[in-house]
Amino acid sequence: MQSTSSHLPDLEGRAEIEQLVNAFYDRVRGDDVLGFIFSEVAHTDWAAHLPKMYAFWEQVIFRTGGYTGNPLAVHARLVPLTAMGRPQFDRWLQIFQSTVDSLFSGPNADHIKNCAADMAQVIHRRINPDADHSAHPVGLTPEQRARYAAAGQS
Ligand code: HEM
């Protein structure tokens, strides 16, 4: 989704990544669908998780975060413990995209939303190999919808 021109700044570096990640997880922690997965299922140590996520997103957007981890394995480990299906990924992406839109606007803001949509799609598919993938998560661009539909046919 292209952002229209606005008074909001774009993501320029580490400071904005930290602001985005903090705002995103503030909302996730209070969310009915996702909050308990962190607090009661994963027992997340936020002092460790937040810096990891700053590094992750800095790596994705600016190639400088130094993140080295395996998100696929981390999420796959949650599957036997709690629902990790379409409703959870739709909510995750909706919160991510609306958090970006509340704070930032511009090419990097658009890029991080597209990266999040792509990764949500990939992680959901890989950890739910038997699910019906004909429906798409919220917030995809027309280009992503077309690309995923084509991939589903191959
Ligand atoms: C249903 C949606 C999701 C849920 C419930 C979820 C939940 C979690 C949880 C519980 C952790 C472990 C935190 C800890 O260490 O205690 C985690 C880690 C992580 N998540 Fe997610 N997540 C979701 C979607 C995503 C998506 C779409 C992405 C990427 C765009 C993502 C990126 C990451 C990364 C990078 C880590 C750190 C992995 C590591 O330890 O290296 N998550 N997530």
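The values are calculated or read from the model by the stated rules, or taken from the named source; none is laboratory data. Source: prediction; values computed, not measured. For neighbour counting, all protein chains shown are included, and Cβ atoms are generated from backbone atoms with ideal geometry for every residue, glycine included. Please note that ligands, DNA and RNA were not included when accessible areas were found on the heavy atoms of the full protein model with its side chains. Shrake-Rupley method; radii C 1.70, N 1.55, O 1.52, S 1.80 Å.
Tell me the mean residue ellipticity at 222 nm calculated for the chain from its helices only (DSSP H runs of n ≥ 4, each -39500 (n - 2.57), averaged over every residue, nearest 500). Present the calculation step by step, with values, prior to reporting the outcome.
Values: 6 runs with 90 residues, N = 154.
Theoretical 222 nm ellipticity from helices: -19000 deg cm²/dmol.
Each label point is 7 Å from the Cα along the Cα-to-Cβ direction; what then is the distance between the points at Glu18 and Thr68, in nm?
Between Glu18 and Thr68, the simple spin-label model gives 2.3 nm.
At 7 Å along the Cα-to-beta-carbon direction for both His43 and His75, put a label point, then send me their distance in nm to one decimal.
It works out to 2.4 nm between the two label points.
How long is the chain along each principal axis, judged by its Cα atoms, biggest number first, in Å?
42, 38, 29
Just the accessible area per residue of the chain, please: how many Å² with a 1.4 Å probe? It would help to have the intermediate numbers written out before the result.
Working: 8300 Å² over 154 residues.
Value for the chain: 54 Å² per residue.
Run the accessible area of the chain with a 1.4 Å probe and give the carbon-and-sulfur part as a rounded percent.
Working: 4630 of 8300 Å².
Here it works out to 56 percent.
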